[in-house]
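Inspection log for the structure reproduced underneath, given as structure tokens.
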Amino acid sequence: MAVSKTKTPISEQSPHERIRNFKEVCLGYTLEEGQAEASRCLQCKDAPCISECPVAIDIPSFIHAIREGDMPAAVEIMSRHTNLPAVCGRVCPQETQCEGVCKLGRAKGFEPVAVGKLERLVADWNYARPAAVNAEIPRVKIGRVAVIGSGPAGLTVAGDLAKLGYDVTVYEALHAPGGVLLYGIPEFRLPKFIVAKEIEAITSLGVKLELNSVTGLAVTMREIMRDFDACFIGVGAGAPRFQGVPGTALSGVYSASEYLTRINLMHAYEFPVYDTPTKRSRSVVVIGGGNVAMDAARSAKRLGAEDVAIVYRRSLTEMPARIEEYHHAVEEGIAFHWQTNPTEYSDDGSGKLRGVKCIKMDLGEPDSSGRRRPIPIPGSEFFIEADTAIEAIGQGANRVLLSTFPELRLNRYGYIDADPKTGATSVPGIFAGGDIVTGAATVILAMGAGKSSALAIDEFVRSKNKA
Ligand code: FAD
Ligand code: SF4
């Protein structure tokens, strides 16, 4: 049978409908659609898709199981490699990883296999069963490990170590686990019940969660080093950053971190069911070109803003957001001002934002990031009326834990200096990974770091036990 050139179509809420609600945009494949998509996979012997996946999922094998209709086998294969399949199937940048190297997609006129959507199908199928299939865990414990932070890095370490036979406790500063998966990525991209299901699967392995527990305040690193055999720090990079444009202190100017945390973690989008208030904006300008900017803009639209525009200093080619999210944003009526930067937030005379003064940018030679350097074009200034401006220009390291633990060596950007292969830090027995080591990156890179650290921690504890 000839292989279809295009991916099997997937159902989505229409743009018209979805800008009025926070429900998930993509509705996922049915089993039959998934089998049709799975039959496009060439089952390559060298499978480049596997080596491009930071947690090395055996992609051809789980796709083969879907094609055969053997979903329990697909779940079993998947759970050998990842603790967060439903999350990754939804938010990983597959287009630059597994799907980016898919041999089918390399053939002229063919789209790659929809690996991410198939991963999501397997996970959703498993979680929809009365008793989800969970990995077996050893009864005898090898040692005790503390994990600080319950984002994708911490959850991966916790899950992998529990499967290896460790007694694991995760300390989380917030009242709910999940990190950015919960407080950053909105419901319409990653439903909270999906995150909860994946975390439930991890706690069912015996992992204990200590919520509302800020390490550095509620519990100190010295106490952790005394009570545990090893520790993994995965506290992310959640501290907001501002560009420092005049007028940043005006009412109506937000960091994306605050804006999205109010909406997602504090459920402001369900006001008044939840009593967290959020501004009902009419016109919104979001500054930035990453996933965070897309999420802030699309959330503002759903909260009722009439005009939402993204201002980005480079062009579409350099934009770091996932292309799927960009297309969704365009369909939802978000406007884009390319090669544009804000120069001032204007006051309406009462301390509130009236609008954003902007300037057009030219693109020069590539800078240290490899992307073309934006250069202001004199005389190109213009004004966008807005009652809300949201800066989504990146986050930095949160200093709460770091400032109480000076023994930990940091790099020149203020992130933890850790071995890229193992996560080992300057303090023996303390490992680190995810955004707190790399700076703001991706879910799957945080998980990849967690996976390698889990192996390194196992080796560390075993050799300590032998000594
Ligand atoms: P985090 O997810 O930040 O988790 C860190 C956890 O540590 C948090 O729960 C925090 O509360 C906790 N913590 C911090 N300090 C302490 C302390 N002292 N004690 C105890 N706990 C502490 N990536 C993608 O791959 N695809 C996407 O589509 C995508 N979209 C994104 C959208 C938004 C809005 C944002 C902000 C990020 C997005 N990312 C995306 C990036 C991705 O979410 C992060 O790279 C990833 O979550 C990093 O994982 P982490 O485990 O290192 O940290
Ligand atoms: Fe299938 Fe593409 Fe991986 Fe080949 S590269 S095994 S076609 S998903």
Test: residue in the range 127-150 that is open to solvent by 20 Å² or more (accessible area, probe 1.4 Å) and within 16 Å of ligand 1 (Cβ to nearest atom): no
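Quick check on the range 52-64: of everything there that is more than 16 Å from ligand 1 (Cβ to nearest atom) and touching a residue at least 40 places away in the same chain (Cβ under 8 Å), which residue is farthest from L121 (Cα to Cα)?
Of all residues in the range 52-64, those more than 16 Å from ligand 1 (Cβ to nearest atom) come to 56, 58-64.
Pick out the ones that are also touching a residue at least 40 places away in the same chain (Cβ under 8 Å) and you get 59, 62-63.
Numbers: I59: 13, F62: 11, I63: 11 Å.
Among residues in the range 52-64 that are more than 16 Å from ligand 1 (Cβ to nearest atom) and touching a residue at least 40 places away in the same chain (Cβ under 8 Å), the one farthest from L121 (Cα to Cα) is I59.
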Filtered residues of the range 172-182 (kept if touching a helix residue (DSSP H, G or I) at 6+ places or on another chain (Cβ under 8 Å) and either surrounded by fewer than 22 Cβ atoms within 10 Å (Cβ to Cβ) or among the aliphatic types (A, V, I, L, M) (or both)): A173, L174, A176, V180, L181, L182
Unmet criterion (only one of (1) in a loop (DSSP other than H, G, I, E, B); (2) free of Cβ contacts under 8 Å to residues at least 12 places away in the same chain; (3) within 16 Å of ligand 2 (Cβ to nearest atom); (4) not polar (S, T, N, Q)) for C44: (2)
Residues of the range 435-460 classified as within 15 Å of I185 (Cβ to Cβ), buried (at least 24 other Cβ atoms within 10 Å of the Cβ) and in contact with a Gly (Cβ under 6 Å, 6 or more places away or on another chain), total: 2
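Residues being within 16 Å of G355 (Cβ to Cβ) and either in a loop (DSSP other than H, G, I, E, B) or open to solvent by less than 30 Å² (accessible area, probe 1.4 Å) (or both): count how many of those fall in the range 250-271.
First, pick out the residues of the range 250-271 that are within 16 Å of G355 (Cβ to Cβ): 250-254.
Checking which are either in a loop (DSSP other than H, G, I, E, B) or open to solvent by less than 30 Å² (accessible area, probe 1.4 Å) (or both) leaves us with 250, 252-253.
Adding up the residues that qualify gives 3.
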Among the candidates T388, T422, residue that is of a type in the set (S, T, Y), at pLDDT 95 or above and touching a Lys or Arg at 6+ places or on another chain (Cβ under 9 Å): T388
Number of positions in the range 269-298 that are of a type in the set (G, A, S) and within 15 Å of A440 (Cβ to Cβ): 5
Only listed residue being crowded, with 16+ Cβ neighbours inside 10 Å, among the aliphatic types (A, V, I, L, M) and under 27 Å from the mean Cα position of the chain (by Cα), chosen from L363, L402: L402
Single residue of E37, E95 found to be open to solvent by less than 20 Å² (accessible area, probe 1.4 Å) and either modelled with pLDDT under 95 or among the charged types (D, E, K, R) (or both): E37
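Could you tell me which of the residues G116, G89, G109 is open to solvent by 10 Å² or more (accessible area, probe 1.4 Å), under 26 Å from I50 (Cβ atoms), within 16 Å of ligand 2 (Cβ to nearest atom) and not polar (S, T, N, Q)? Steps first, answer last, please.
Values: G116 fails: open to solvent by 10 Å² or more (accessible area, probe 1.4 Å); G89 fails: open to solvent by 10 Å² or more (accessible area, probe 1.4 Å).
So the residue among G116, G89, G109 that is open to solvent by 10 Å² or more (accessible area, probe 1.4 Å), under 26 Å from I50 (Cβ atoms), within 16 Å of ligand 2 (Cβ to nearest atom) and not polar (S, T, N, Q) is G109.
Does the range 326-381 hold any residues that are in a strand (DSSP E or B) and among the hydrophobic types (A, V, I, L, M, F, W, C), and which are they?
Kept after step one, since they are in a strand (DSSP E or B), are these residues of the range 326-381: 335-337, 340-347, 352-366, 372-376.
Across the range 326-381, the qualifying residues are A335, F336, L353, V356, C358, I359, M361, L363, I375.
Suppose we keep only residues that are within 16 Å of ligand 1 (Cβ to nearest atom) and assigned to a strand (DSSP E or B) within the range 382-400. Which one would you say is farthest from E306 (Cα to Cα)?
G396
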Contacts under 6 angstrom Cβ, first residue in the range 65-92 being without any contact (Cβ under 8 Å) to a residue 12 or more places away in the chain, partner within 16 Å of ligand 2 (Cβ to nearest atom) and not polar (S, T, N, Q), 6 or more apart: A73/A65
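Taking S463, is it open to solvent by less than 80 Å² (accessible area, probe 1.4 Å), away from ligand 1 (no atom under 16 Å from the Cβ), part of a loop (DSSP other than H, G, I, E, B) and out of contact with any helix residue (DSSP H, G or I) (no Cβ under 8 Å at 6 or more places or on another chain)?
Numbers: open to solvent by less than 80 Å² (accessible area, probe 1.4 Å): yes; away from ligand 1 (no atom under 16 Å from the Cβ): yes; part of a loop (DSSP other than H, G, I, E, B): no; out of contact with any helix residue (DSSP H, G or I) (no Cβ under 8 Å at 6 or more places or on another chain): yes.
Answer is no for this residue.
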Any pair with Cβ under 8 angstrom, 6 or more apart, that starts in the range 238-265 at a residue that is closer than 20 Å to P177 by Cβ and away from ligand 1 (no atom under 11 Å from the Cβ) and ends at one that is open to solvent by less than 20 Å² (accessible area, probe 1.4 Å) and not in a loop (DSSP other than H, G, I, E, B): R262/A268
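Results for (1) closer than 19 Å to A230 by Cα; (2) not in a helix (DSSP H, G or I), shown as yes or no for each residue.
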position	(1), (2)
S150	yes, yes
T156	yes, no
T169	yes, yes
L182	no, no
F188	no, yes
Exclusive hit being polar (S, T, N, Q) and surrounded by 22 or more Cβ atoms within 10 Å (Cβ to Cβ), set T203, T156, T169, T220: T156
Test: A74 is at pLDDT 95 or above, more than 11 Å from ligand 2 (Cβ to nearest atom), within 21 Å of the chain's Cα centre (by Cα) and in a helix (DSSP H, G or I): no
Scope the range 93-104; condition in contact (Cβ under 8 Å) with a residue 60 or more places away in the chain, touching a helix residue (DSSP H, G or I) at 6+ places or on another chain (Cβ under 9 Å) and within 17 Å of T8 (Cβ to Cβ); matching residues: E95
Test: C49 is within 27 Å of the chain's Cα centre (by Cα), within 12 Å of ligand 2 (Cβ to nearest atom), of a type in the set (A, V, I, L, M, F, W, C) and in a helix (DSSP H, G or I): yes
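The values are calculated or read from the model by the stated rules, or taken from the named source; none is laboratory data. Remember, it's a predicted structure, so these values are computed and weren't measured experimentally. Cβ: placed from backbone, ideal geometry, glycine included. Neighbour counts: every protein chain shown. Areas reflect the complete protein model, heavy atoms only, side chains present, ligands, DNA and RNA absent. Shrake-Rupley method; radii C 1.70, N 1.55, O 1.52, S 1.80 Å.
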